[in-house]
Every structure is written in C-alpha cells, then in structure tokens.
Amino acid sequence: MIRSLLSGDMPRSLPLALILGCILICLALAPFLFPGVRTVDTAARICIFIVLVASYDLLLGYGGIVSFAHTMFFGIGAYGVALTSAHMGRGFDAIAIGALVGAGFAAALALLIGLFSLRVRAIFFAMITLAVASAVAVLVSQLSGLTGGEDGLTFKTPRELGPAFKFGKETFDGVLFGVKLNGKLLAYYFVFIGALVLFLTLLRVVNSPFGRVLQAIRENDFRAESIGYRVVYYRVAATCLSASVAALAGSLYAVWLRYVGPDTVLSMELMIDILLMVVIGGMGTLYGAMIGATLFVLAQNYLQNLMGAASELVADLPLLPELLSADRWLLWLGVLFILSVYFFPAGVVGRLRGKR
Amino acid sequence: MAQSFALWAMVSGKPNWPLPVQCLPYPPLFSDGPAVTQVTGCGQSHFEISMTDPILKTTDLTVRFGGHVAVDAVSCAFHAGELTAIVGPNGAGKTTYFNLISGQIPASAGRVNLRGRDITRASVSARTKAGIGRAFQLTNLFPGLSVLENLRLVVQAKLGRGFNLWSMVSRHQDLTDQAEDILARVRLLDQRDQVVSELSHGNQRKLEVALLIAQDPDVYMFDEPTAGMSVDEAPVVLDLIAELKEQKDRSILLVEHKMDVIRSLADRIIVLHNGALAADGAPAEVMASDVVQEAYMGRGLEGILADV
C-alpha cells in the first residue's frame, strides 16, 4: 500500500524515512500540534513550496533542464484562481475553473517556449525562460486594470474556507483539542491534501518509464537520442507537466492567501529561493524537495526570532550580540546555504542515501 | 583528386565482389586512367550478383566541413549475415562515415537507405527505431544510472514505452527480465545494480556492446569495441560480436585497427582513405593487395594499422 502510494520510491535510508515521516506528521497535524496563526501559515507555505519545488525538481533534477520561469507558472496558477474568483464570485467552481485554466495556460505557454528553444540546446531554454518570465512580470504589473498591478488582487474564497465559517458546534462544541473548528482549518486541509495529492502524482511520474527516460536524458542526452528516444519531445513534455503542477501549486497559494501580487508569486527572488530549496534538499529526488522546502521556509520565518533570542543570551559578551542581531538574519541564512552546499553537495537526501 | 578516386572506387570497387576484388589504385598512379562514364554504384552491382537486397546502402554519401571533404561520395552496400570491417588511417573518415549512417551528422550529399527506405534526413532516434544500432568509440553510457537501468532504458525504447507516465517502473517486469537476460549474456549480471560510473573500463565497454544487443538492430555498428580493453577482457566482447554474426539476418559494421581482430571476424574489408572508398573486398585480397600497400606509402595496410 505504502509502496504503491510512493510509487516504489522508498526513502532507502532509516534517518531519511524518519525525517520524512516527521515532516509529514507535523504538516498533517500542524493546526493541532502548533496552534497559532503564524505557525499554521508557515505550515501551509511549506506544503505549497514542497509541491512547487518538487515540480521544479522534475525539470532540473530529473530532466536536467534549467528554467527561470518557474515562478511565472506559479504566478499564472495563482492569478488564474484570483481572476476567476474576482469575476465569477466566491465559490469552489471559481477555484476549480481558475486552477484548471491556469494549469492549462501554463502548459500551453511551456509547450510554446519548449518547442521554440528545447529543439536546439537546453541552455537556450534557460535564457528564453528568463526573458519570458521578466516580460510576464512586467506585463502583470502594467495591466493594472486586469491584474491590479503592483497592488495585486484581493479576492474572496468560498465561505467554507474563511475564518467566519464555524462547524462541529453540536458534536464538539466547535472546538477539537483546543483548536477552533472554523473555515481557516478547512482551508489548511484543502491546501495540505491538494499538496499531498500533487506530490504523490509527481512521485508517480518520476518513477514511471517516462521518469527513467528523463533521467537518461539528464545523464546523456546524446545517447538517449541514439537508443531511440526523441529527446526534444520528452523535454517538452516534462516542461509542460512541471509548469502545470507549478500552476496548481500557485492556485493553492492563492486560495490560502486570498491575495495575489507580483511580489508574492512572480518575483525573481522567489525563483532563486526555489533553486536553493532544490539544491539544499538534493536534486533528482523529490524527497529532497520536501526537506529543502521545509528547512528553507522554517529558516525564512524563524531564523530572525531564533537569532534575536540568541543575541539576548549573549548580551553581555562583546561583538557576539552584534553578529547575532536579528537584523543580520539574511547574512546567516546565506552562511547556512554555503555550508549546506559545501557539506552536502548531493543535497540532504543524497547525503542520507549515502551518495557522498 | 579525391573525386576521381571516388569515381574509381565506385566503378571498380564493387562489381567484382564477392568474387576476388581488385583493389583500387591510388589516384596519382591512375589519374590519367580511362574516363569512366557509366558509373554503377557498388551497391547496385552487388545487388545483381547476390540477388538479395542489401540491408544498408549508402549512395555517394558525402559530408563537407567548410572546404574539407571528410567523407567523399562513399557508395557501399551492406548485406545480411556479413561482417564488414572498415579500416583506414586516422582521419580517414571512418567514424564520420558512421556518424552519417547513424545520423549524428547530417549528410551534405548522397543518400542512406535502410532496407530500401531512405533515411538520409531522419533523426537519430528515428533511425534507431528503423533498425540502426550504434555503439560508440568513446564509452557513451548513462553514468549515474545502474547497469540494469542502462539496459532497461534500451529495451523500453525498443518497446516504445517511454511515454508511460503513470505506471510504476516495477510493474514493467518484462523490461527487467529482458535486460537481465542480456546482462547474463554479456556476463555482467553480478554488476547488475552497480552505478555505471563505478564500473571498470572493460565492463563499461561490455555494457556498451550489451546496449546494442538489447537494441537488436538490423545493422550493428561497432566503433573500436575493444579500444582500451585489457588482453583478458577483449575476447569476451569479440566473442559476443562473433555470436551476433551467427544471426544471419543482421549486418555488422566494425571499425577496427587490430589486425588479428579483423582477420578472425571480418568477411569483407573496406578501406577508407581521405574520406573516399579506397578498396573493398575479401580480407585476404585487400590485405595482400599491392595497390593498397602502395597506397599506404609502401608500408602496407598492416604497417599503417600497427601505427594507430
């Protein structure tokens, strides 16, 4: 059962299995284990970023294709849901249509970019994605009538996913294990289950014959062509698939935030974050996406607090409080990345699975 | 000069085959020779003699890189059950000729026909599907994947299952079984789960041959299959090639420098020189031929081949 859910891709390392199990349980029970607006928000972001990073890993880690347009696809999905929700009114139908249209549009755009550039060499794809992504980001901020420009769009999700919606009053008195049963809880599980399904789907794809061909292309595209695989078709298919999953992750993000804006879903900074998460976790293993995204989002959200606390602890010593000041958190984040790439060149998962 | 030489090759190279073949004169000797107008492609004439269609035929196959003609109007036909050794000094165009046949380099002129079908413009993967199988001079595998995975990929390509996105690989037991059969044949079953980059050079060469066997093509193309192999390892690969020869419906092309290998395996030798076909015939005749010896500046074919 577990084997077929994981598509036969077992963790193959006890520490890795424990870490992954721990992440899964923490995310599944996050609202109950870590009640609080900020903690649940962090957990939801982790879920969404796991999918986003995993879909990027399908391209980079499995297909060996470098793309800088992944946030663009993410943004297309998010804007899809935002636009349909804003124009059709709140409702699950608006979310479903927005997500499907977003995913379809992302796949079509990926197909177009892929057919134009992947025929030649994968490096052109990287350059073209960079250009298209910048163009789309500019377009979104300029078309303020449609997209709300730099301010973005705020919209309403179905009532059932909002904090005002209460349920379970009769049976549990509206509270379960000290957690209020409201729409925000439902929204979290909407995101969690959506992310879980998408992640397991990706796991299925990378462990299918198709996934093996992608690995072969990454290893040696020349020989892959020579044993009879039309490399460009596989690369384009992987790009489309990865783009539509990224768009669906974007839709989940939009549903969670009830807001989209260029800075939250389209920025180049986000693209670099994704790259870092893939590298830290370990390229070419989707479990790496899980670990990379979790570590990164946690660091982003809590490193500042942790350092503030640490700097207070050493307040009496010279220099250290300055170094550990909460304002320097980005510096330490950078140091952490350099160290992790230095010590885990194959990522955390690669390390745990015993590949150097 | 090369042109007239090629003309000679086409005219006189093939018609005598498989009868004893007279080897071609080197151009300077015969550049004022009789003007031949009725050019008969060697494949054509062979066809008349053998009464069977060639599996693979190249007609005036040419490639130019800038002003340099790397392969110069080579016309040749390759038949089922025949192992043809392609020899010639370094830079003679042997590997380039291979690249033209398997599609890595597009031809400037001429045609490649596989079982009568024109594949001159086909992509590499399309040629593979059509029945061309190519092993490479420099080991060219999927280094980060296991030995079994390397082979399974070839079997999977052959069965056209690459675009299967939803089923788990483990459900395709038949792919694994076929891959394991071939591993057993090439005596690599013990290394089944080893990552290819950690394999010894000899075993990598064996795997290179194994990939080709898994592909089961109509035309096997080996480019120095034993290059860099130890004396102990080379016979395993050569035995495999000899086994393939027993399959009478396949044609084998072999680029090779080692004379003993050619002697023991080849049914026919073609000599390339400066990109053009210089001789074509049974091994004994080609090797003994004065003309070829002269062509190689008096040192003889063996002398040349011993150098490289």
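The values are calculated or read from the model by the stated rules, or taken from the named source; none is laboratory data. Bear in mind that the values here come from a model prediction, so they are computed numbers and not experimental data. Backbone-built Cβ (ideal geometry, glycine too); neighbour counts: all protein chains shown.
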Query raised in the report: All but one of (1) surrounded by fewer than 16 Cβ atoms within 10 Å (Cβ to Cβ); (2) modelled with pLDDT under 85 hold for A:LEU181; which doesn't?
Result: (1)
Requested in this report: Take the residues in region B:244-286 that are among the acidic types (Asp, Glu) and not in a loop (DSSP other than H, G, I, E, B), then tell me which one is farthest from the chain's Cα centre (by Cα).
Outcome: B:GLU285
Query raised in the report: Of all residues in region B:109-130 being outside any strand (DSSP E or B) and within 13 Å of B:PRO54 (Cβ to Cβ), which is modelled with the lowest pLDDT?
Result: B:GLY116
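From the set of residues in region B:229-254 that are small (Gly, Ala, Ser) and farther than 23 Å from B:ARG192 by Cβ, which is nearest to the other protein chains (Cβ to nearest Cβ)?
B:SER251
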Query raised in the report: Just checking, which of A:GLY104, A:GLY75, A:GLY64 is outside any helix (DSSP H, G or I) and either of a type in the set (Gly, Ala, Ser) or closer than 14 Å to A:ALA249 by Cα (or both)?
Result: A:GLY64
Query - Qualifying residues in region A:122-174 (those that are modelled with pLDDT under 85, surrounded by fewer than 12 Cβ atoms within 10 Å (Cβ to Cβ) and part of a loop (DSSP other than H, G, I, E, B)) - the one farthest from the chain's Cα centre (by Cα) - result: A:ASP173
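Collect the residues in region B:170-195 that are of a type in the set (A, V, I, L, M, F, W, C) and either under 23 Å from A:MET10 (Cα atoms) or assigned to a helix (DSSP H, G or I) (or both), keeping them in residue-number order.
Listed by number, the residues that qualify are B:LEU175, B:ALA179, B:ILE182, B:LEU183, B:ALA184, B:LEU189, B:VAL195.
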Query raised in the report: Has region B:126-137 got at least one residue that is under 26 Å from A:GLY284 (Cα atoms) and polar (S, T, N, Q)?
Result: no
Query - region B:116-153: number of residues that are more than 10 Å from chain A (Cβ to nearest Cβ) and either free of Cβ contacts under 8 Å to residues at least 24 places away in the same chain or on the phi > 0 side of the Ramachandran plot (or both) - result: 9
Query raised in the report: Are any of the residues in region B:166-186 at pLDDT below 95, within 7 Å of chain A (Cβ to nearest Cβ), more than 21 Å from A:ARG3 (Cα to Cα) and surrounded by fewer than 23 Cβ atoms within 10 Å (Cβ to Cβ)?
Result: no
**Report entry** Lone unmet requirement of (1) within 12 Å of chain A (Cβ to nearest Cβ); (2) touching a His at 6+ places or on another chain (Cβ under 9 Å); (3) of a type outside the set (D, E, K, R); (4) touching a residue at least 60 places away in the same chain (Cβ under 8 Å) for B:GLN156
**Finding:** (4)
Query raised in the report: Among the helices (runs of 4 or more DSSP H) confined wholly to region A:201-281, which include 1 or more residues that are touching a residue at least 12 places away in the same chain (Cβ under 8 Å) and within 12 Å of chain B (Cβ to nearest Cβ)?
Result: A:209-219, A:221-226, A:231-257
**Report entry** Answer from A:LEU306, A:LEU339, A:LEU319 - the residue that is surrounded by fewer than 15 Cβ atoms within 10 Å (Cβ to Cβ), out of contact with any helix residue (DSSP H, G or I) (no Cβ under 7 Å at 6 or more places or on another chain) and farther than 11 Å from A:ILE280 by Cβ
**Finding:** A:LEU319
Requested in this report: Test each condition in (1) under 14 Å from the mean Cα position of the chain (by Cα); (2) closer than 23 Å to A:ASP151 by Cα for A:LEU298 and report the one that comes out false.
Outcome: (2)
Query - Single residue of B:ALA179, B:ALA130 found to be out of contact with any strand residue (DSSP E or B) (no Cβ under 9 Å at 6 or more places or on another chain) and closer than 20 Å to B:ASP216 by Cβ - result: B:ALA179
